[in-house]
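> If you scroll down you'll find the structure; I have some questions about it.
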Amino acid sequence: MFSNQFARITALVLLFSSAFIVRMYDLTDLPFDFHPTRQMLSIIRARGLYFATQPDGIATWQLEAGIRHANLKADIEPVIFEHLVAFTYQFTGEQIWIARIYSSIFWL
């Protein structure tokens, strides 16, 4: 179908860019679109990890509740994604849509 290398690379870049743009639709909506239970549990875990690294400026009851809720979830898989999101929260604040961007990039 494609006769040269440039056309193939251009088609792939266009395909992946289109897929990323589609995934960014309604970026700031609450995560109730695909698997809400899993998404909310990941958000709770990331929030608890974020609170564990940021004790200053957060009310004590919020800090304790966030860490307690993060520890309630059973570890059935590595929490690499949640650690990455919690690390990013240190720079952006607690923005739920950050996880969607990472998820979209990983699925490409």
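> Against the longest alpha carbon principal axis of the chain, how many degrees, from 0 to 90 and to the nearest 10, is the axis of helix 97-107 turned?
Long axis of 97-107 versus the principal axis of the chain: about 40 degrees.
> Further question on the same structure: By counting other Cβ atoms within 10 Å of each Cβ, how are His69, His35 ranked from fewest to most?
Taking fewest neighbouring Cβ atoms as first place, the list is His35, His69.
> Here's another thing I want to ask about it. Test of understanding: ordering Tyr50, Tyr25 by Cβ neighbours within 10 Å, fewest first, what list do you get?
Working: Tyr50 23, Tyr25 8.
Fewest-to-most Cβ neighbours within 10 Å comes out as Tyr25, Tyr50.
> For the residues Trp97, Trp61, what sequence is obtained by ranking on other C-beta atoms within 10 Å, fewest first?
Exposure proxy ranking, most exposed first: Trp61, Trp97.
> With axes computed from alpha carbons, what is the tilt in degrees of helix 5-23 against the longest principal axis of the chain, rounded to the nearest 10 within 0 to 90?
Roughly 40 degrees, rounded to the nearest 10.
> So for the chain, what percent of the C-alpha to C-alpha distances run longer than 23 Å?
39
> Taking a label point 7 Å from the Cα of Thr53 along the Cα→Cβ vector, which residues of the range 69-108 have an amide N closer than 14 Å to it?
Of the residues in the range 69-108, 79-95, 99 have backbone N under 14 Å from the label point off Thr53.
Throughout, read-outs are computed from the coordinates displayed, never taken from laboratory work. If you're wondering where the values come from, they're calculated on a predicted model, not measured in any experiment. Don't worry about glycine lacking a Cβ; one is built from the backbone with ideal geometry, like all the others, and counts go over all protein chains shown.
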